Each structure stands twice: as C-alpha cells, then as structure tokens.
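A short reminder: the numbers here are calculations on the coordinates, not readings from a lab. Fair warning: this is a prediction, and the values are worked out from it, not measured in the lab. Heads up, the Cβs are rebuilt from the backbone with ideal geometry, glycines too, and the neighbour counts pull from every protein chain shown.
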Amino acid sequence: MPPHLRSVIAGLSADRLLLCIIVLLWGIAAFFPPLNADAAAMLRFAERMLDGEALYRDLIDFNPPMGYWLDLLPAGLAKAGLGSAVFWFVALCLFIVAGGALLAFRIIAPLLNDTERRLLALVGAITLLVRPSESFGEREHLMVALILPYGALAMRALAGGGEESRALRMFAAAIAFIGIAQKPQFALLGAAVELLLLLRFGPKLWLTRSEPWLFLGLGGLYVGATVVFYPAYFADMLPLAAAHYDIVDLDQGIAMIIGVELPPLLICIACLAPWALGSRARPVATVLWSLTVGAILAGVLQFKDWSYHFLPARVLLILLASYGLAGLLSRGKTPPSGRILALLAIALMALGGHLSPPFRLQLDYRKSDARLVENMIRAEGGGRPVLWLTQYIDPTAPVLNYTGNRLAMPFMSLWLLPALYDGDMPGADGRLSLHPPATRPPAETLLLERVAESVQREKPSLILVEAPQDEAAFRLRPLDYLEFFSQDPRFAEEFSRYRLLKRIGTLRVFKRQD
C-alpha cells in the first residue's frame, strides 16, 4: 500500500473508516449483475423509447411516465455509445442516493451535535446502500433519497433557524417531486410533511411557503404533459389496470396486515410517537416521524406484503431511531468514541433482517439458472430479438439487459394472462380450457394479437417458454403458453419454424431454424 494512502487511512476514525468501506464495497457491488428486475424492465422500455417505440402504445404498461423519463438519461448515454445502459443506470442511482443524502446532511448539520452527525452519517449509508439489497434501484429506493433534502428543509423550518435560500428550497422541492411522481402513493410523504407544517405554523403562514405551490404547479404540468404526449395512458392503460390488475385485493390486504412488513413498522412508529411529537420534541425527530407515517401509508395503499413497498418506511424509521439513540448517547458526560459508534452501526447491519453482505447477490447470480440462460442467449441469440413467455420480469428483464437482446413483444411479461384466467377452474382432464373467441374479453384479444404481431414482424431467434403451472399466479393450474398463442394463425405459422434447443430448469428454449 502506498505510504500516502496508508497515512490517510490511519488518520480516519473508526466510524469514518467504516463509512468509507460501506460506500466502497456496496457501491462497487451495485455495478455487477443482477440488476433489480423492476428497474431493469423499465430501463429496457426506456431504451426502446429511444429506438422510436411509443410508450403506452407500442410499450404496454400502466406505470406513470416519470420513472421512464428518469431512465432516458442512462438509456441515452448508452445509445450515444458511451457504455451500457445498466452501467449508467447504476451510476445514476448512486448519484441520486449520494446527492440526496449529502444535501440533506448539509442542511440539517446545524441542528445536530457531533454524535448525531457521526451516527446518522453511518446509518444513512447503511440504510441507503446496504438495506435496499435486491431492491437497489427500485422507485421506492430513489424516491426516499430524493425526498430527504425536502424533509431536511422542513426540519430547519420547524427549528426556526437560518433561512435557506429560495433557490435551494425550490431545488429540494423539485427533486422531491421527481421522486414522488414515480408513483401516486408517494404523494403521501409530501402530504404528511405539509400537514405537519400546516398544523405547526397555521394556515396563514403555511400559505406563504413556496413548496406547496411548486408541488401543485409541477403536478399540473405533469398531468398535462401525460395527457398531451401519452393520451393512451388514460384512455387505455389505466382502464386495463383497473379491470385486470388486483390493485385492491382482500387476500393480499389480509396478508399485509398480518405479514412481516407492516406490523413491526406500526408498533415502532406508535412507540416513538410520544417522543417525536411531544412538546419537547426536536424538529429532526418530528419530521422523520411524519415522513415515516406517510411512507407506511404509501406502502399500505399498494395492498401487497412486498418488501420493497415498505423500503422507504424502514429507511426513515431506522434514521429516526438512530437519531434518538444518538441523543441518548450525547447526554453522557463523555461523548461516545468513534469505535462505539462504529460498533453500533455494525450491530444495526447485523440486526437488519435480511443482511446483505457485499457481493452476496452477485455471487448467487453467478450460480443461478438465470446466468445459464444469459450465457445461452449470448451464444444462440445472435443479438436478435427473443420472446420469453413468462408471467415474471425476474429474471427476464435483467438477463435481456445484460445480453442486449430485445424482448419481442410489447408487454414486460404475461402478467395479464393469469389475471384473465383467474376465476377459471381446470376441467375433467385437469387443464384450463382456453376461452372461445366469441367470449374472449378485449384484453385477452389484445394480448393474443399483439404478441402474434410482434413474432411475425420480428421473427425472434429464440422463444423461451416457462410452464405456467410452475408460476405462482396460475396456482398449479395447467395452461400451455404455446397452445394459447398458437390460437392466432400468425403465431402458429411462425412457431412451426422453431425446434426445441434445450431445457434449463423449468424453461424450454426453442430456436428458429431458418
């Protein structure tokens, strides 16, 4: 090791050294496969947008456009020949996480003592880099980083401290809006903070704040731009989602209420309420508590017991608890040393639930069937489009991001098909009966025809087929994807040119012969 580097490391305190290690190891690990499946699927759609396909017309999905607009930056850099879209996406995520955390830290630094600053710096790195694990790059992950500076300014406002510049306040609110606009439920975090400030300042003073009016103006522009540039979003995508996507599902809701995500959050936030909202509460705790409540409600409104839906709530709750712990430690006659703070941070990492050591996901991926499929597509796909018939985007989307092959259909996955057959029961032969053409709902016709059109037009080099009964949404009910799509003569004619190449796990791989 060079002497100057050794001297720099020797000069770091234990907590700062741990902070550097966390940022270095988990930051580097994020650049290696696998990419989060949701993030990968949206990134792939952004690349196709730059190739001329229209969102919500040629690319069928019901997520709002803001997430795709963010992805246009890494997709554009890749299209300019400056590297891969995945590399630039990960770099963008790290920039957002680091930038949001550092800006928020700078804003609230005057409100913190030395112990609070050092512990929150460590815990912030852990919650934003270690805790996300396989959810790195999810919209929830980016949103919580983008909203932190806005929350920090609310803390300063409650504290009645030095007035930040109007430009900084507008910038923080603008990037918070970008994070919030990725999902409508995220608006609850901003609403929670503004409601807190309304109650503390009163209506007259609250109405003089610029942030609510900026949110309102940006929201109007966002909706207007979506109406103008993507009319199919409101005309076609939202009705499709409302008719066939279980946005409110009783079974899912019950599973969420008694699941592993929501109950611990509710217990913790209730226990911390008297301290965070009491008459002697400090602004940092009050705003973090309000943001956490908003994040919990945003997760609840998605009606799923899915880990990443509650990621913002966990991040904010851990920051809140760490702030309280730092306050307790600060009351001692002797401030805690950096070693004690480092040990506390390590304990937090160990107690974080599903601990994600650096490179664990990456090493698991190297031994997975997904990696075998990736290598096979590289060897057999010839860089041409491939069709992957499955209800999942994991590992479909990440694998195709890494191979660079285009998915030869306008859907991210076949999620619509099990929804269309949700109420059907197997017949006497144990199989699901396909709907006759006369009784097909419009969404089923749309799925069948658009996939057949894509296969006829793009002539994918490979067709990869999962067994539906092995996938969760079909609940062990047999239905053959190939039989379903072969109802369209265009698909049937094209598929006659394919032969079985190999099997990888439950996946059948067919290769085009002409």
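What is the sum of charges, Lys and Arg at +1 and Asp and Glu at -1, for the other residues whose Cβ falls under 14 Å from the Cβ of Arg360?
Residues close to Arg360 contribute a combined charge of +1.
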Give, to the nearest whole percent, the P(r) tail of the chain beyond 40 angstrom, counting all Cα pairs. 29 percent
Cα to Cα, under 21 Å, and not fewer than 8 places away if on the same chain: which lysines meet these conditions relative to Lys502? Lys367, Lys459, Lys511
Ranking Asp422, Asp38, Asp514 by Cβ neighbours within 10 Å, fewest first, what do you get? Asp514, Asp422, Asp38
Calculate the length of the line joining the C-alpha centroid of segment 417-468 to that of segment 485-514, in whole Å. 15 Å
Residue-by-residue Karplus 3J(HN,Hα) for segment 101-117, coefficients 6.51, -1.76, 1.60, Hz, glycine and proline x: 5, 5, 5, 4, 4, 5, 5, 8, 3, x, 8, 10, 8, 4, 4, 5, 4
Ranked list, fewest to most other Cβ atoms within 10 Å of each Cβ, for Trp206, Trp388, Trp88: Trp206, Trp88, Trp388
Relative contact order of the chain, pairs being alpha-carbon contacts under 8 Å that are 6 or more residues apart, as %: 17 percent
For segment 429-440, just list the computed ³J(HN,Hα) in residue order, Karplus coefficients 6.51, -1.76 and 1.60, θ = phi - 60°, integers in Hz, with x standing in for Gly and Pro. 7, x, 10, 6, 8, 5, 5, x, x, 5, 10, 5
Against the longest alpha carbon principal axis of the chain, how many degrees, from 0 to 90 and to the nearest 10, is the axis of helix 139-159 turned? 20 degrees
When the Debye formula is applied to the Cα atoms of segment 190-307, each taken as the same point scatterer, what base-10 log of I(q)/I(0) results at q = 0.09, 0.13 Å⁻¹? -0.40, -0.78
Treat every Asp and Glu Cβ in the chain as -1 and every Lys and Arg Cβ as +1, leave all other atoms uncharged, and give the resulting dipole magnitude about the Cα centre to the nearest 20 debye. 1960 debye
Rounded to the nearest 500, the 222 nm mean residue ellipticity computed for the chain from DSSP H runs (n ≥ 4, each -39500 (n - 2.57)) alone is -19000 deg cm²/dmol
Which of the listed residues, Gly404, Pro441, Ala428, is farthest toward the dipole's positive end in segment 356-514, when Lys, Arg count +1 and Asp, Glu count -1 at the beta-carbon? Gly404
Taking the number of other C-beta atoms within 10 Å as the exposure measure, put Lys459, Lys204, Lys511 in order starting with the fewest. Lys204, Lys459, Lys511
Which angle from 0 to 90°, rounded to the nearest 10, does the C-alpha axis of helix 166-180 make with the longest principal axis of the chain? 40 degrees
Each residue of segment 120-130 in order: what ³J(HN,Hα) in whole Hz does its phi give by Karplus 6.51 cos²θ - 1.76 cosθ + 1.60, θ = phi - 60°, with x for Gly and Pro? 5, 4, 5, 5, x, 5, 5, 5, 8, 10, 8
Name the residues whose placed amide hydrogens come within less than 5 Å of the amide hydrogen of Phe411, ignoring near sequence neighbours (fewer than 5 apart) on the same chain. Ile60
Taking the Cα centre as origin and putting +1 on Lys and Arg beta-carbons and -1 on Asp and Glu beta-carbons, what dipole magnitude results for segment 126-250, to the nearest 20 debye? 580 debye
Whole-percent tail of the Cα-Cα distance distribution for segment 368-512, cut at 26 Å, equals 21 percent
Among Val228, Pro239, Gly99, pick out the residue whose Cα is farthest towards the positive end of the charge dipole of the chain, where Lys and Arg carry +1 and Asp and Glu carry -1 on C-beta, about the Cα centre. Gly99
